[in-house]
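Report on the following structure.
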Amino acid sequence: MQPIRYRVLAIAFAVTGITCVVAAATQHEIYRWIFHDQFALALTIAGMMLAYSMMLWLTTFDRGRTGAVTRLDWFFPALKRRSVHESPSYSLAGRWLRSIIPASFQSNHATKKRGLFRKTLRSLGISWLASPVRRVVQGTCLAIFLTLFLIVCWPYNASPVGPGNASLGWSFETLDQQSGEFILGRAPSATSTGSGWSLTTGDTLFVVEERIVQGTQDAETSATIGDFMVVKSDARQIRLAPRQDITPALLDSFLDQAGSFSLHECDPAGWPRHYADNLARKEIIPAETFLMIDPLVSLSTAIASRSWIGSLVSAAAILIVCVLIPRGFCGYLCPLGTTIDLFDWAIAGRIKTFRVPDDGWWVHIKYYLLAGTLVAAVCGVLVSGFFSAIPVITRAMLFLVEPLQNGATRGWHLNPSFGVGHIVSIAMFFAVLCLGFFRPRFWCKYVCPSGAMFSLGNLFRITERKVESSCIHCNKCVEICPFDAIKPDFTTRTTDCTMCQSCGGVCPTHAIKFVERWNIVELKLENDPPTKETALGRRGFLSLAAGGTATVVGGLSMAGATKALGAKLDDPNSYRPVRPPGSVPEKEFLEMCIRCGECFKVCPNNVLQPEGFQQGLEGLWTPMVQADWAGCESSCNSCGQVCPTGAIRPLALEEKRVARMGLAIVNESTCLPFAAAQACDLCVKECDAAGYHAIEFTQVGTEVDANGIPIEGTGYLAPFVLEDQCVGCGLCQTRCYAINVKEERLLFESAIIVKAGEGREDRLMVGSYIELRNQKRTQRPLMQEQVAPVPSPTRTVEPQASTDDDPFGLGN
Amino acid sequence: MLSMKSVGVALVCFGILQLHPTNSNAEDQVELLNGTRLSGQMIGIRKDDREFDFESSFGGKLVKQTYAYDKIHAVTFGGKRFVITPMTESAPMAAPMANAEATTHHTTQRTKAEVLQFIEDFGSTEPDWLASTQMNHPETLDLEWPLKTEGKWDESTNVGQYIWGRVSPNEARWKPGIKLVYECMKRHQQNRTLLVRDMEKLGDMYFTLLQDYPRAAYWLQKADASVSKETGIFLAECYWRLGNKELAFAKLQGNLLHFNAIKLYGDMDEIEMAMNVANVYAKTPLFNEACLKAGDALRGAGRLDEAITFYEQVLDRNEARNKEYLTRYKGLAQGAIDAIKLFDKADVSRVADGTYTSSTMGYNGQVEVTVKVAGSQIKNVTVSKHQEKQFYAALTDTPKQILDKQGFQDVDGTSGATITSQAIINSTARALAQGAK
């Protein structure tokens, strides 16, 4: 071996990786040109380079094994007798570990006496003993997945913040034109509320005009002048720098009057934002991380919607990682795989009645399912969510675990009832688990189309499992392999191997190594014993032809059937569910929604619930607003934040509050005041409390006297929805339903119902909802201009001070 | 004091100019009435509108601003200083002072002449916000606004009905609604009858919507509002609120007093006068209104038992124009009686030991609260049954507050959960009232 040569190579890789990182961090031209500003991708590739250089570097220090350029072993080798002078570990890392771990933990290789570590692992099970790293990583990933799902996506630990501290009685003193800062002062007797608010430099606070009565309704007349940064403060005087540009309106607020101002820690006119803040605080890594790295999710969505999906970058990243660790996603990361492992261990592995052999027509289902899914995606129908690994486990968690979590911690009456969609999904999940009765991890090996993506990715692998000639044909590796990735001749089915390294750990002769793909050192003979496998794999050409045909036909007919029994978007009378705020237009929405269920989990009060078959197969499990159950909180934008495909756009809270997802429509034949049944103001109060002010009162049933003058005390105040203000949050419907239908039993259905459809919702692919609202506002003719007398054209005099004695027309 | 401040400000400005002479190429200077000085560039002057545009830099950014003459003390322009509004001690404070006085009850006493002068001086002015208020009525509205309206109720055409049905119940439309009446008045300058009606409406709106008494009084006086109508009673109340009871009494002379006079007399602590009017009305078909108002007056004066007898009259006589009216009046009377009993009885120091349960409507249904009282102390408050889904925080927060404060009077609604919170408070009050000794 020539370790020097490989060390140089390792350094070269490291330098390239570091260059990559630096270029990305400094936004260099080359980085833009190569990576098109995909920072995550650049970092992934750089990380790969560095990791690979590290592997090369470490491999050069190996002792006592056949040569390799890259060695990727982390299995726990079987105990084998060695002489005392021989180090039992050949790798640098192994030798280092042995030097720091107490001897009682280590096995004695001279006497073949097991150490404590080996004994403990043996008691956990053979797969733990063979490859403990893999089990630990699996467990960690499942724990991360569950934490993200059950804790990060759990909205109910958010609580609204109080009004905060306030300091009253400030008056405007002067402003500093040079720095653009305002100086306010106050009498020492003035009061503050809240405990011990010390105004410290750098704090942000809100200045409010005290003269304006609190509780004014819209932003234009709000008493809040703006947010400022404290530059300097003492008990008598404070210097404030505006956080926003100085506008004439801002100047006016200070210069126009001698009124007094109060300083507030929180904007008193501001909207609550506790749900949004709660999620943002908890999302150290994105809540949808695992969905993002399921490559089938992003690829099929991108194909179906013919658009760029942000998570394609993460899919690319994970595929690149899997060039180093072939199909490592399945062996290590996938939470569905780990769950199946648990189920196999606990139940399926103990019942052998239904076992099938390791070869049959089923072994290639995954490829055909993948191809079928992609064919359907090409036709614009997204079915990958039904079979893709992470959506399957996410939905299962949602429908099985979430109700338990919700019921046990908050109350069982808070679980919405199950629909057809729930049942189908749960049945599918159990079907996936029960495949384990046929063979362990049957789903992962033969069915999972996401796994098929990685199998195809394995074609580009740079490392693989190799068997050396010291193999004694003991068959232990074939028995332990969870993925049927070892052929009868003990060599590797490279597309199936997940690098779990269990085989390496059980091999009594240490014949198995995980090294670079091109390594040919001391390999055993192939096809000994004969495998009867063709170049195309186990089932050969016939299977490929038949399966391929079935795939194309299946994919096309699936797409056709879905469309035929689908949402019928061209039909104006077709069913249109109210979608979450920020959903892209319905056609694209159906193409992009992967039906993973992440948005349901994160939605406070289960406003979003899965659709059943109202839109045929096309809308199954897509999120829809169930306003009879609960209304969309104005302080929450979580659904968009966790959507892995961008079907629900990640809107800022300010954007979300003006995104019209539907329109509340009053049923004038049942609404209590309209029907002259009784007074009722539930919806109006609700809308005002939420801050939308989209429902006004109107007078109905008023009696008039002979002159047409209304008679005091007649008729009722009834709701009147302002179409341009209503965002369709459904809070009004929730309340009407809860009180008038469920509690008082006055109605059969809510008298105000949020409906979607043409003209009732704004669904933008890109662009700002705030701008859209402003646009609509300006398009609307201004009443003032129609009514007010045309202002007489006034002369603006160009000031020429030197010639004019009375430029201001003061007349003196 | 003011001049001291000005000197200080001037010194600061001077210091800045001295330190940064390059920035002083904008040589013009504006002195505002509140003492602030700005330097910048005069852009344009509109003598007729008595305003000018001035561009000044703040923290390096240029802002163009229009200043009205009456906010400006002086301008230094082209090296010359022009005094635009002479600085007097009270000048900058005049408007807010008047505002504050107008809205403060009972505090100031004024002579007859002072009140009338105040109404004349201040009530006749247009409010600050009027110019900047954007109107938002439907385009279909008929701004001719005839005295009589034919046909069906139509808020989108008839101004009076629009004000009734859409403006009054919706706070966001109050100011635009008042501006609308001003617009109508402009159109009715030639028609005395319509103009009087407009002015009366305007006064009515200033009174009922904004409690702007000087302006309400000004317009109601101009419309010569009669005490046989509600608006006349409003005018009398304005006089009283502005500080002169005699003027109010003088206005209330007359044979035909609108029944709202009962409430006004009650508010003015003239309970006997209120009773006189109420007793007259008690013999008319308007007895329901009269009894309710009399009850309110007595309740305000702390004469609770008498108040209850009036409220009970409404329940006992059990008649009204129609069923809808009857329900409403009886509801009001019953509600008032309940409230009196509750607030009187729900004081925990007067509640016998025991466990009490009561429920009221919350967000999603009845919220049942169980209160345990021992030794005149609230020992425990729990929400024993509820169906709340949203705004969960109140379920634990509000009972804790009730327990801490040993009562429900000063409990803050849990923010974001007001309805549930209120329901818990109300249920607690009702539960405690059950145990009143």
Exercise. State, to one decimal in nm, how far the label point of A:PHE105 lies from the label point of B:ARG192, with both points 7 Å from Cα in the Cβ direction.
Key: 10.8 nm
Practice problem: Distance between Cα centroids, the range A:411-452 to the range B:226-296: provide it in whole Å. | Solution: 75 Å
Exercise. List, in order, the whole-Hz ³J(HN,Hα) value for each residue of the range B:168-185 obtained from phi through the Karplus relation with A = 6.51, B = -1.76, C = 1.60 and θ = phi - 60°; use x for Gly and Pro.
Key: 4, x, 10, 4, 4, 9, 4, 5, x, x, 5, 4, 4, 5, 4, 4, 4, 4
Quiz prompt | Sequence-separation-based contact order of chain A, relative, with Cα cut under 8 Å and 6+ spacing, percent | solution = 11 percent
Self-check item: Scaled radius of gyration (Cα, divided by 2.2 N^0.38 Å) that the range A:1-148 gives
Solution: 1.36
Quiz item: Considering only DSSP beta bridges with both partners in the protein assembly as shown, what is the antiparallel share in %, to the nearest 5?
Solution: 95 percent
Exercise. First measure r as the distance between the Cβ atoms of A:HIS413 and B:ASP224, then evaluate 1/(1 + (r/R0)^6) with R0 = 60 Å and state the FRET efficiency to the nearest 0.05.
Key: 0.45
Quiz prompt | Span per principal axis, largest first, for the Cα atoms of the range A:338-395 (Å) | solution = 43, 29, 14
Practice problem: Report, in whole Å, the centroid distance computed from the Cα atoms of the range A:319-390 and the range A:517-581. | Solution: 12 Å
Quiz item: Over all Cα pairs of the range B:131-214, how is the pair count split among 10 Å bins, expressed in % and running from 0 up to the last occupied bin?
Solution: 18, 53, 28, 1
Quiz prompt | chain B: mean projected area of Cα convex hull, nm² | solution = 30.7 nm²
Quiz item: What is the spin-label model distance, in nm, from B:THR208 to A:LEU456 if the labels are put 7 Å beyond Cα along the C-beta direction?
Solution: 7.2 nm
Quiz item: How far is it, in nm, from the label point at B:ALA436 to the one at A:ALA78 when both lie 7 Å from their Cα along the line to the Cβ?
Solution: 8.9 nm
Quiz item: Among all the lysines, which ones have a C-alpha under 29 Å from A:LYS113's C-alpha, if same-chain residues fewer than 8 places away are not counted?
Solution: A:LYS80, A:LYS466, A:LYS476, A:LYS513
Quiz item: Roughly what angle does helix B:230-241 make with the longest principal axis of chain B, taking Cα atoms, 0 to 90 degrees, to the nearest 10?
Solution: 70 degrees
Quiz prompt | Theoretical FRET efficiency, 1/(1+(r/R0)^6), r = Cβ-Cβ of A:ASN573 and B:LYS148, R0 51 Å, to 0.05 | solution = 0.70
Self-check item: Under 5 Å, built H, 5+ apart or other chain: amide partners of A:VAL754
Solution: A:ILE665
Quiz item: Where does the range A:708-780 land on Rg(C-alpha)/(2.2 N^0.38 Å)?
Solution: 1.53
Practice problem: Rounded to whole Å and ordered largest first, report the semi-axes of the equivalent ellipsoid of the range A:365-469 derived from its Cα gyration tensor (root of 5λ). | Solution: 33, 19, 13
Self-check item: Residues A:LEU404 and A:ILE351, FRET efficiency given R0 of 30 Å [Cβ-Cβ distance, rounded to 0.05]
Solution: 0.70
Self-check item: Computed lengthening from A:ALA51 to A:VAL378, 0.36 nm per intervening residue step minus Cα-Cα distance
Solution: 114.1 nm
Quiz prompt | Extreme residue, positive dipole direction of chain A, given options A:GLY180, A:LEU374, A:ALA166 (C-beta unit charges) | solution = A:LEU374
Quiz prompt | chain B: relative contact order as a whole-number percent, Cα under 8 Å and 6+ apart | solution = 8 percent
Self-check item: Local electrostatic count at A:LYS742 - Lys and Arg +1, Asp and Glu -1, tallied over other residues with Cβ under 15 Å
Solution: -1
Quiz item: Zone of A:LYS532 (label point 7 Å along Cα→Cβ, backbone N under 14 Å): which residues in the range A:463-493?
Solution: A:488-489
Quiz item: Taking 0.36 nm per intervening residue step and subtracting the Cα-Cα distance, what contour gain separates B:LYS112 from B:ASP353 on full extension?
Solution: 81.1 nm
Quiz item: Taking +1 at the Cβ of each Lys and Arg and -1 at the Cβ of each Asp and Glu, which of B:PHE234, A:PHE105, B:LEU130 sits farthest along the dipole of the protein assembly as shown towards its positive end, judged by Cα position relative to the Cα centre?
Solution: A:PHE105
Quiz item: For the peptides B:397-405, A:497-505, B:201-209, what is the packing order when you average, over each peptide's residues, the other Cβ atoms within 10 Å and list the highest mean first?
Solution: A:497-505, B:201-209, B:397-405
Self-check item: Distance violations [Cα-Cα > 21 Å] among B:LYS175/B:LYS201; B:LYS283/B:LYS330; B:LYS112/B:LYS263
Solution: B:LYS112/B:LYS263
Quiz item: Hey, got the dipole for chain B? About the Cα centre, +1 on K and R Cβ, -1 on D and E Cβ, debye to the nearest 20?
Solution: 500 debye
Self-check item: Isotropically averaged projected area of the range A:290-422, using the convex hull of Cα atoms (one quarter of hull area), nm²
Solution: 11.4 nm²
Quiz item: Going from the alpha-carbon gyration tensor of chain A, what semi-axes, largest first and in whole Å, does one get by taking the root of 5 times each eigenvalue?
Solution: 62, 36, 25
Quiz item: log₁₀ I(q)/I(0) of the range A:471-604 at q = 0.15 Å⁻¹, via Debye over equal Cα point scatterers, no solvent, to two decimals?
Solution: -0.85
Quiz item: What is the average number of partner chain Cβ atoms found within 10 Å of a Cβ in A:625-636?
Solution: 1
Quiz prompt | Rounded to 10°, Cα long-axis angle of helix A:132-147 versus longest principal axis of chain A | solution = 20 degrees
Quiz item: Mean separation of Cα pairs under 8 Å and 6+ residues apart, divided by the residue count of the range A:1-58: what relative contact order is that in percent?
Solution: 51 percent
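Every read-out reported here was derived from the displayed coordinates using simple, explicitly stated rules and does not represent laboratory data. The shown structure was predicted, so the numbers you read here are calculated from the model rather than taken from an experiment. As a convention, Cβ positions derive from the backbone with ideal geometry for all residues, glycine included, and neighbour counts pool all protein chains shown.
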